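Undergrad: Please see the structure below; I have some questions.
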Amino acid sequence: MKRVLIITYYWPPSGGAGVQRWLKFSKYLPLHQWQPVIYTPSNPEAPVDDPSLQKDVHPETVVWRRRIWEPYMLYKSFVGMGKGDRINAGFLSEDEKPPRKEGLAVWIRGNLFIPDARKFWVDPSARFLLKNLRDNPVDAVISTGPPHSMHLIAFQLHQRMRIPWIADFRDPWTEIDFYNQLKLTRRADRKHHRLEAQVLTSADRVVVVGETMAERFRLKAGIQTSVIPNGYDDEDFTGDSAEEDEQIPGSPGHLFNVVHVGAMNRDRNHPAFWETLASLKREDPEFERELRITLVGKLDHSVHRSLAEFQLQDCTKMTPSLPHNQVIPLLRSATVLYLPINHTPNARSIATGKIFEYLSAARPILGIGPVDGDAAGILRSCKAGEMVDFTDLKEMKRILSEWALRHRQGKLAVRPTNIDRYSRRNLTGTYAEVLNQVTQNT
C-alpha cells in the first residue's frame with residue numbers, strides 16, 4: 001500500500017461533526033491501496049466525546065498523537081467557565097457570558113491567535129513530523145481544516161520534504177460563517193488572507209465539500225479545486241442499528257416528531273420556524289396534541305429563549321448529545337427532519353454534514369435557508385424535502401400543515417433518489433483517485 005499522512009485536529013474518542021469526514025474516508029482508503037497515518041492531538045479541546053466511533057477506525061490505520069497546548073484554560077477562567085466545561089465551535093454559547101468579557105475574549109481570539117487557537121501546535125508538530133517521516137515515509141499528506149492551523153503544519157512539511165499535499169477544506173477560511181464576528185483589525189484580516197492564499201496556492205490540490213466554496217476559491221486564488229462532499233456511511237444504516245430503534249427517544253406513530261440532530265448556535269436559531277410551529281399549535285388542536293420537538297446536541301442560550309418565547313417547552317425534548325450509533329435510529333424515528341442553515345453571509349455555500357445522514361434516513365427534510373444554496377440544491381436533486389427562506393413564514397406554514405395532514409393519513413413518505421453518490425464508500429474511491437493523480441503528477 002501507499003501511505004498518506006492525514007493531519008486532523010478531530011479524531012476519536014472526540015465526537016461531533018468534525019470527526020466524521022476523515023474517520024470515514026480513512027475507514028475505506030485501504031480498499032483503494034492507501035494506508036492512513038493519522039496525526040492528531042492527544043489532548044484536544046473537543047466539544048463532546050464519543051467512544052462509539054472507535055469501531056470505525058480501520059485496523060490498518062496508524063495513529064500518531066502528540067500533546068497540544070491551547071489557551072482555552074485562560075479563556076475559561078476569564079469568562080467564568082469551569083475547568084471541566086467544554087469549548088463549543090461556531091460561537092455556540094450554552095450560557096450567557098458577561099458581554100464585555102466575551103467581546104474582549106473574541107477580539108483576542110481573532111487578532112492574536114491567527115489562524116486559530118491551535119497555532120501553538122504548528123511548529124512543534126512540524127518538527128515532530130519531519131523527524132518521524134524520515135524513518136516512516138509517506139507518499140502524500142492531507143491536511144483538513146478547520147482548524148486551519150492544520151494546513152500550516154502541512155505547508156511546512158511540503159516546503160521541507162516536497163511531499164505531495166492536498167489541502168482539504170470542510171469549511172472556508174476567511175469566508176467561514178463566523179469570520180465577521182471575530183472583531184478583526186485590518187492588520188489581522190490581512191494576515192488571515194495572506195495565510196489562506198499561501199495554503200491555496202502552495203498545495204498540489206485543494207479539495208472542498210461544495211460547489212459554491214469551489215467557485216469562491218477559484219475567484220479568490222485563481223485555482224481549480226476538486227469537490228468531494230461529505231456523505232453517509234451505509235454501514236451505519238444496516239445491522240444492529242435497526243434493532244436499537246425502540247431504545248432511542250423517538251416518535252410513536254401518532255406523534256408529529258420534528259427532529260434536529262447536532263449543535264444549534266445562534267446563527268442556526270431561526271425564530272420564524274419556532275413562530276410557525278407555535279402558530280399551528282394554537283390554531284389546530286390536533287397539531288397541538290401531535291407535536292413533539294426532539295433536539296439532540298448542544299443548544300445556544302438563544303434557542304432556549306426562543307422556545308420559551310413561543311411556548312414550545314412543553315412539547316420539546318432536549319438531549320445534550322448521543323453517541324453516533326444511537327443517532328441513526330433517532331433519525332429513522334422522525335416524522336420530519338429539521339435542517340437549519342446558518343443565517344450568515346456564506347449561507348449559500350453551507351451544506352452541513354448532517355444533510356447526508358438525513359437523506360439516508362429517508363424521512364422528509366425541512367430546511368430553512370437560502371433557496372438557491374448548496375443545501376437546497378441537494379434536497380431538490382434527491383427529491384428529499386423542501387428548503388424555505390429564513391423569513392418565509394407563509395411557506396413554512398403551508399408545508400408543515402400539508403405534511404401534518406399527510407402524516408395523519410399515513411401518506412407522508414419520501415423516497416430520496418440518486419443518493420448513492422454520497423455514500424462514504426463511493427466518495428472515498430473518488431478521493432483515492434485524487435491522491436493517485438497528485439502523487440503521479442509530482
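Undergrad: How do the pairs read when you match residues in the range 412-432 that are in a helix (DSSP H, G or I) with residues anywhere that are at pLDDT below 95, using Cβ under 6 Å and keeping only pairs 6 or more apart or on different chains?
TA: Sorted first by the residue in the range 412-432, then by its partner, the list stays empty.
Undergrad: Residue check: is Ile399 closer than 23 Å to Gln20 by Cβ and part of a helix (DSSP H, G or I)? Spell out how you get there, then give the answer.
TA: Values: closer than 23 Å to Gln20 by Cβ: no; part of a helix (DSSP H, G or I): yes.
Here the answer is no, as Ile399 does not meet what is asked.
Undergrad: For Glu309, state whether it is in contact with a helix residue (DSSP H, G or I) (Cβ under 6 Å, 6 or more places away or on another chain) and over 21 Å from Ala347 (Cα atoms).
TA: Working: in contact with a helix residue (DSSP H, G or I) (Cβ under 6 Å, 6 or more places away or on another chain): no; over 21 Å from Ala347 (Cα atoms): yes.
So Glu309 does not fit the description; no.
Undergrad: List pairs: first in the range 301-322 and over 14 Å from Pro271 (Cβ atoms), second in a helix (DSSP H, G or I) and at pLDDT 95 or above, Cβ under 7 Å, 6+ apart or cross-chain?
TA: Gln313/Leu307; Thr316/Leu307
Undergrad: Still on this structure, I have one more. Can you name every residue in the range 67-126 that is modelled with pLDDT of 80 or more and among the hydroxyl-bearing types (Ser, Thr, Tyr)?
TA: Listed by number, the list holds a single entry, Ser125.
Undergrad: Here is a follow-up. Among what's in the range 345-363 and is in a loop (DSSP other than H, G, I, E, B) and touching an Asp or Glu at 6+ places or on another chain (Cβ under 8 Å), pick the residue that is surrounded by the fewest Cβ atoms within 10 Å (Cβ to Cβ).
TA: Within the range 345-363, the subset in a loop (DSSP other than H, G, I, E, B) is 345-346, 350-353, 362-363.
Now drop any that are not touching an Asp or Glu at 6+ places or on another chain (Cβ under 8 Å), which leaves 345-346, 350-351.
On the way: Pro345: 12, Asn346: 20, Ile350: 25, Ala351: 25.
If we take residues in the range 345-363 being in a loop (DSSP other than H, G, I, E, B) and touching an Asp or Glu at 6+ places or on another chain (Cβ under 8 Å), then Pro345 is surrounded by the fewest Cβ atoms within 10 Å (Cβ to Cβ).
Undergrad: Against the definition (within 23 Å of Asn180 (Cβ to Cβ) and over 20 Å from the mean Cα position of the chain (by Cα)), how does Asp389 come out, yes or no? Before you say what the answer is, go through the steps one by one.
TA: On the way: within 23 Å of Asn180 (Cβ to Cβ): yes; over 20 Å from the mean Cα position of the chain (by Cα): yes.
Yes.
Undergrad: Let me ask something else. Does any residue of the range 169-180 turn out to be touching a Phe, Trp or Tyr at 6+ places or on another chain (Cβ under 9 Å), within 16 Å of Ser226 (Cβ to Cβ) and not in a loop (DSSP other than H, G, I, E, B)?
TA: yes
Undergrad: Follow-up. Which members of the range 312-325 meet the condition of being at pLDDT below 95 and in contact with a helix residue (DSSP H, G or I) (Cβ under 8 Å, 6 or more places away or on another chain)?
TA: Answer for the range 312-325, where residues must be at pLDDT below 95 and in contact with a helix residue (DSSP H, G or I) (Cβ under 8 Å, 6 or more places away or on another chain): Leu322, Pro323, His324, Asn325.
Undergrad: Among the residues of the range 404-415, is there at least one that is under 19 Å from Val261 (Cβ atoms) and surrounded by fewer than 20 Cβ atoms within 10 Å (Cβ to Cβ)?
TA: From the range 404-415, those under 19 Å from Val261 (Cβ atoms) are 414; that's our starting set.
So of that shortlist, the ones also surrounded by fewer than 20 Cβ atoms within 10 Å (Cβ to Cβ) come out as 414.
There is at least one residue in the range 404-415 that is under 19 Å from Val261 (Cβ atoms) and surrounded by fewer than 20 Cβ atoms within 10 Å (Cβ to Cβ).
Undergrad: Please work out if Ser202 is surrounded by fewer than 20 Cβ atoms within 10 Å (Cβ to Cβ), of a type in the set (Ser, Thr, Tyr), outside the structural domain of Ile355 (by TED's automatic domain parsing) and over 20 Å from the mean Cα position of the chain (by Cα). Let's see the steps before the verdict.
TA: On the way: surrounded by fewer than 20 Cβ atoms within 10 Å (Cβ to Cβ): yes; of a type in the set (Ser, Thr, Tyr): yes; outside the structural domain of Ile355 (by TED's automatic domain parsing): yes; over 20 Å from the mean Cα position of the chain (by Cα): yes.
Taking the combined requirement at face value, the residue satisfies it.
Undergrad: Do you know which of the residues in the range 303-318 that are polar (S, T, N, Q) and within 18 Å of Leu339 (Cβ to Cβ) is surrounded by the fewest Cβ atoms within 10 Å (Cβ to Cβ)? Before you say what the answer is, go through the steps one by one.
TA: Here is the first cut: in the range 303-318, the residues polar (S, T, N, Q) are 306, 311, 313, 316.
Checking the rest, the ones that are also within 18 Å of Leu339 (Cβ to Cβ) come to 306, 316.
Details: Ser306: 20, Thr316: 17.
In this case the residue turns out to be Thr316.
Undergrad: Right, another one. So if I check each of Val303, Val258, which one is closer than 26 Å to Gln20 by Cα and either in a loop (DSSP other than H, G, I, E, B) or in contact with a Phe, Trp or Tyr (Cβ under 6 Å, 6 or more places away or on another chain) (or both)? Explain how you work it out, then say what you get.
TA: Numbers: Val303 fails: either in a loop (DSSP other than H, G, I, E, B) or in contact with a Phe, Trp or Tyr (Cβ under 6 Å, 6 or more places away or on another chain) (or both).
From the options Val303, Val258, the qualifying one is Val258.
Undergrad: Something else now. Among the candidates Arg216, Arg194, single out the residue that is surrounded by 19 or more Cβ atoms within 10 Å (Cβ to Cβ) and not in a strand (DSSP E or B). Don't jump to the end; show me each part of the working.
TA: Details: Arg194 fails: surrounded by 19 or more Cβ atoms within 10 Å (Cβ to Cβ).
Residue meeting the stated conditions: Arg216.
Undergrad: While we're looking at this one, here's another question. Could you check how many residues of the range 282-300 are under 21 Å from Ser333 (Cα atoms) and in a helix (DSSP H, G or I)?
TA: The total comes to 5.
Undergrad: Here is a follow-up. Taking into account only those residues within the range 35-51 that are outside any loop (DSSP other than H, G, I, E, B) and among the polar types (S, T, N, Q), which is surrounded by the most Cβ atoms within 10 Å (Cβ to Cβ)?
TA: We begin by selecting, within the range 35-51, every residue outside any loop (DSSP other than H, G, I, E, B); these are 35-41, 49, 51.
Within this subset, residues satisfying the condition of being among the polar types (S, T, N, Q) are 35, 40.
Numbers: Gln35: 17, Thr40: 21.
Restricting to residues being outside any loop (DSSP other than H, G, I, E, B) and among the polar types (S, T, N, Q), the top hit is Thr40.
Undergrad: Just one of the numbered conditions (1) assigned by TED's automatic domain parsing to the domain that holds Gly15; (2) touching an Asp or Glu at 6+ places or on another chain (Cβ under 6 Å) is not true of Gln437; which one?
TA: The failed condition is (2).
Undergrad: Can you find even one residue in the range 372-386 that is in a loop (DSSP other than H, G, I, E, B), at pLDDT 95 or above and among the aliphatic types (A, V, I, L, M)? Break it down stepwise before answering.
TA: Just the residues of the range 372-386 that are in a loop (DSSP other than H, G, I, E, B), to begin with: 372-373, 383-384.
After this cut, where a residue has to be at pLDDT 95 or above as well, the list is 372-373, 383-384.
Next cut, among the aliphatic types (A, V, I, L, M) only: 384.
Yes, the range 372-386 has at least one match.
The values are calculated or read from the model by the stated rules, or taken from the named source; none is laboratory data. Bear in mind that the values here come from a model prediction, so they are computed numbers and not experimental data. Note that we place each Cβ from the backbone using ideal geometry, even for glycine, and neighbour counts take in every protein chain shown.
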